[in-house]
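The values are calculated or read from the model by the stated rules, or taken from the named source; none is laboratory data. Because the structure is predicted, anything quoted here is derived from the model rather than measured. So basically every Cβ, Gly included, is an ideal-geometry build from the backbone, and we count neighbours across all protein chains shown. Side chains are part of the model used for accessible areas, which takes the heavy atoms of the whole protein and leaves out ligands, DNA and RNA. Shrake-Rupley method; radii C 1.70, N 1.55, O 1.52, S 1.80 Å.
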Amino acid sequence: MNDHALILVDIQNDFLPGGALAVPEGDLVIPVANRLMDDFPIIVATQDWHPADHGSFAGNHPGKQLFEVIDLNGLPQVLWPVHCVQGTSGADLAPGLQAERITKVFRKGTDPAIDSYSGLYDNGHRKSTGLAEWLREQGVNRVTVCGLATDYCVKFTALDALAEGFAVTLHLPASRGVNLTPGDVDKAVEEMRSKGVTIQE
Ligand code: VGL
Ligand code: ZN
């Protein structure tokens, strides 16, 4: 069990109901995640942590619409509402989360030129956040991933962890997705399953 870490993805105020980029039922993951923590010796969290001039914000692209997909420095980019700006309360981890049990927080999305859905790498796989290396240093071989949002940051974190050689479980009851297009969450879960992620229902 000592080689198994829990990764809490982006359980932050702006992704909760009432937040800037609210995930439906996002608040329901908090009590489940709190209970899950009992089962893991190592718990890490990722934190979306954008500068105000981040290229994923629709407001930084005059004439473009919210949720439109643009080319951002060579990568497709969904344009999101301003969210998780560094130092704002929206970027804080959800207050209901037992934060004192989190060993280490890994921040991502800090480079205005590129987004970072995964907690391990930016979307261009150019820079590591240090999470994979840190987990290996702790002797971790297996990770359970949960949080927000299933069809974006949870999915890319799970797939990057798999590609890094970790055995990966997606904990569905402790995860919720955006479903910008209906069915996105189901598609994301199927993609993870087909690539080798164990789905815990
Ligand atoms: C996320 C969109 C933009 C997420 C972060 O945490 O899934 N989604 N930034
Ligand atoms: Zn973001």
Computed over the chain: relative contact order in percent, which uses C-alpha pairs under 8 Å that are six or more apart: 25 percent
Can you tell me the FRET efficiency between residue 68 and residue 127 if r is taken as the Cβ-Cβ distance and R0 is 30 Å, rounded to the nearest 0.05? 0.70
Once phi is turned into θ = phi - 60°, what whole-Hz ³J(HN,Hα) does the Karplus curve with 6.51, -1.76 and 1.60 give for every residue of the range 178-184, x standing for Gly and Pro? 7, 6, 3, 10, x, x, 4
The range 59-201: Rg to Rh, with Rh as the Kirkwood radius over Cα pairs: 0.95
Once normalised by the length of the range 66-105, the mean sequence separation of its alpha carbon contacts under 8 Å that are 6 or more apart gives a contact order in percent of 23 percent
Cα atoms only: what Rg and Dmax, in Å, come out for the range 61-145? 15.5, 48
Size of charge dipole - the chain - debye, nearest 20, with Cβ of Lys, Arg +1 and Asp, Glu -1, no other charges: 220 debye
Lys and Arg at +1, Asp and Glu at -1: neighbours of residue 140 with Cβ under 15 Å from its Cβ sum to -3
Solvent-accessible surface ranking, highest first, for 11, 42 at 1.4 angstrom: 42, 11
Reduced to Cα centres, the span from the range 76-115 to the range 159-191 in Å works out to 18 Å
FRET efficiency for residue 167 and residue 137, Cβ-Cβ distance as r, R0 = 25 Å, nearest 0.05? 0.90
When the solvent-accessible surface of protein heavy atoms is calculated with a 1.4 angstrom probe, in what order do 187, 108, 64, 155 fall, highest first? 187, 64, 155, 108
